[in-house]
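Student: One structure, as structure tokens, below. Some questions next.
The values are calculated or read from the model by the stated rules, or taken from the named source; none is laboratory data. Note that the structure is a prediction, hence the values are computed from the model and not measured. Positions of Cβ are generated from backbone atoms using ideal geometry, with glycine treated the same way; all protein chains shown enter the neighbour counts.
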Amino acid sequence: MKVSVSQQQLAHGLGIVSRAVSSHSTLPVLANILVATDEGRLRLSATNLELGISCWIGAQIEEEGAVTVPARIFNDLIGTMPSDMVNLALDERTQTLNVVCGTSNTDIKGIDAQEFPPMPVPNLENGIELNVADFKEMIQQVAFAASADDARPVLQGVSMTVEGSEITLAATDGFRISTRRAKLSNPVDKPMSAIIPARALNELARVAADGKQTFNMVVPDGRGQVLFHLKDVELVSQLIDGNFPDYRAIMPQSFKTTTIVSTASFLKACKQAEIIAREGNNVVRLSISAGQEGPGAVEISAQSEETGSSEVVVNATVTGTDLIVAFNVRYLRELLDVVKGASVALETNANNTPGMLRPVGNDDFKHVIMPMHLG
């Protein structure tokens, strides 16, 4: 292999794939990145057997070839090089990659590319076309609500259902549920559902460029995998096996109180309350009052024996009965961080039943939060 590639493109490609490198595997090759020539471009790939990412970058190829090199060493080395052309040359007999840039000349010992796990090749004819910007927003509004607890793997995933021309994502950690649906540009022939690891979707959102591009999602039959094919990047993930909870049955259908409040004001108040609340189990109390004359209000208060107390009042339009209810302030903040609308509606029934939040004028995004005990 003899290849010339720009340092900036190589560093960018390594930044995309290196998040899939295995940090604690018994297989040494999984700590490596595959560097291979591929139809006139340079392909970089990394996998931990659950998640795999490949990236293609432009390069001048003199000789074809492939090798795997330690991800951390290669990444750190390229990151320290000047913005110049990097020349890569492989000694196949010793599996050593020679890296030359400017005045630096480095040899890195690699492992034969034959030992690297093969990455699946998608059949894009069966793919579902998705808009990059829309799907990124869906991921950001749902994946944060997935569980981080290894004890319940199914809750570490995001439930995806596709039917007709509609796609729905949902995630829950047992204390909150986030759901988002969107229209597809092309309807699917047959409905499908899968549980995709939240981590894989977060990585997809990270590597997907912004803009109006589309990409393809393929779920091959019987393989237990999902593959996302972007312009210069492919991401493959194992699916999570199991039954996702019937979250629709838990989502309340009717409400006694609806509180409409500015998203920015509510977020700011929650951030202030969290400074005190994080010392006391993250509990914040919302006192919702309709107001006898004029607009209603929500008082967001927190108190902790160690740090003190805090109250912030936010103007609101309240219809229905007054209510005092407690929520986990971190959950509220994380939700408000991803609401795109100017105003948000909080719909409630009682202090011991779930509350629902959604952007005003948008029923495609709904978020349910379980209440906390009012002490």
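Student: Quick one: how many residues across region 138-157 are part of a helix (DSSP H, G or I) and either modelled with pLDDT of 95 or more or not assigned by TED's automatic domain parsing to the domain that holds S193 (or both)? Before the answer, list the steps.
Tutor: First, the residues of region 138-157 that are part of a helix (DSSP H, G or I): 138-145, 153-156.
Of the ones still in play, those that are also either modelled with pLDDT of 95 or more or not assigned by TED's automatic domain parsing to the domain that holds S193 (or both) are 138-145, 154-156.
Summing the residues that are part of a helix (DSSP H, G or I) and either modelled with pLDDT of 95 or more or not assigned by TED's automatic domain parsing to the domain that holds S193 (or both) in region 138-157 gives 11.
Student: Out of all the residues in region 76-100, which are within 19 Å of S18 (Cα to Cα), crowded, with 20+ Cβ neighbours inside 10 Å and either touching a Lys or Arg at 6+ places or on another chain (Cβ under 6 Å) or not β-branched (V, I, T) (or both)?
Tutor: L88, L97
Student: Would you check if F228 is in contact (Cβ under 8 Å) with a residue 12 or more places away in the chain, part of a loop (DSSP other than H, G, I, E, B) and of a type in the set (A, V, I, L, M, F, W, C)? First the steps, then the outcome.
Tutor: Working: in contact (Cβ under 8 Å) with a residue 12 or more places away in the chain: yes; part of a loop (DSSP other than H, G, I, E, B): no; of a type in the set (A, V, I, L, M, F, W, C): yes.
So F228 fails the test.
Student: Here is a check on your reading of the model: is I177 hydrophobic (A, V, I, L, M, F, W, C), in contact (Cβ under 8 Å) with a residue 12 or more places away in the chain and either in the same structural domain as Y331 (by TED's automatic domain parsing) or under 23 Å from I53 (Cβ atoms) (or both)? Steps first, please.
Tutor: Values: hydrophobic (A, V, I, L, M, F, W, C): yes; in contact (Cβ under 8 Å) with a residue 12 or more places away in the chain: yes; either in the same structural domain as Y331 (by TED's automatic domain parsing) or under 23 Å from I53 (Cβ atoms) (or both): no.
Here the answer is no, as I177 does not meet what is asked.
Student: Taking the stated definitions as given, is K366 among the charged types (D, E, K, R) and either at pLDDT 95 or above or assigned to a strand (DSSP E or B) (or both)? Walk me through it before giving the result.
Tutor: On the way: among the charged types (D, E, K, R): yes; either at pLDDT 95 or above or assigned to a strand (DSSP E or B) (or both): yes.
Yes, satisfied.
Student: While we're here: Could you list all residues from region 37-82 that are among the hydrophobic types (A, V, I, L, M, F, W, C), assigned to a strand (DSSP E or B) and touching a Cys at 6+ places or on another chain (Cβ under 8 Å)? Give the derivation first.
Tutor: First, pick out the residues of region 37-82 that are among the hydrophobic types (A, V, I, L, M, F, W, C): 42, 44, 46, 49, 51, 53, 55-57, 59, 61, 66-67, 69, 71, 73-74, 77-78, 81.
Pick out the ones that are also assigned to a strand (DSSP E or B) and you get 42, 44, 46, 51, 53, 55-57, 61, 66-67, 69.
Correct list: L44 only.
The rows are residues; the columns are (1) at positive phi; (2) assigned by TED's automatic domain parsing to the domain that holds T168; (3) surrounded by 14 or more Cβ atoms within 10 Å (Cβ to Cβ); (4) assigned to a helix (DSSP H, G or I).
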position	(1), (2), (3), (4)
D189	no, yes, no, no
A194	no, yes, yes, no
N202	no, yes, yes, yes
N216	no, yes, yes, no
D241	no, yes, no, no
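Student: Which count do you get for residues in region 291-300 that are modelled with pLDDT of 90 or more and more than 22 Å from F175 (Cβ to Cβ)? Steps first, please.
Tutor: Going through region 291-300, the residues modelled with pLDDT of 90 or more turn out to be 296-300.
Filter once more, so that each one left must be more than 22 Å from F175 (Cβ to Cβ): 296-297, 299.
The number of residues fulfilling the criteria is 3.
Student: Okay, moving on. If you scan region 331-375, which residues turn out to be more than 17 Å from the chain's Cα centre (by Cα) and among the β-branched types (V, I, T)?
Tutor: Matches in region 331-375: V344, T348, T353, V360, V368, I369.
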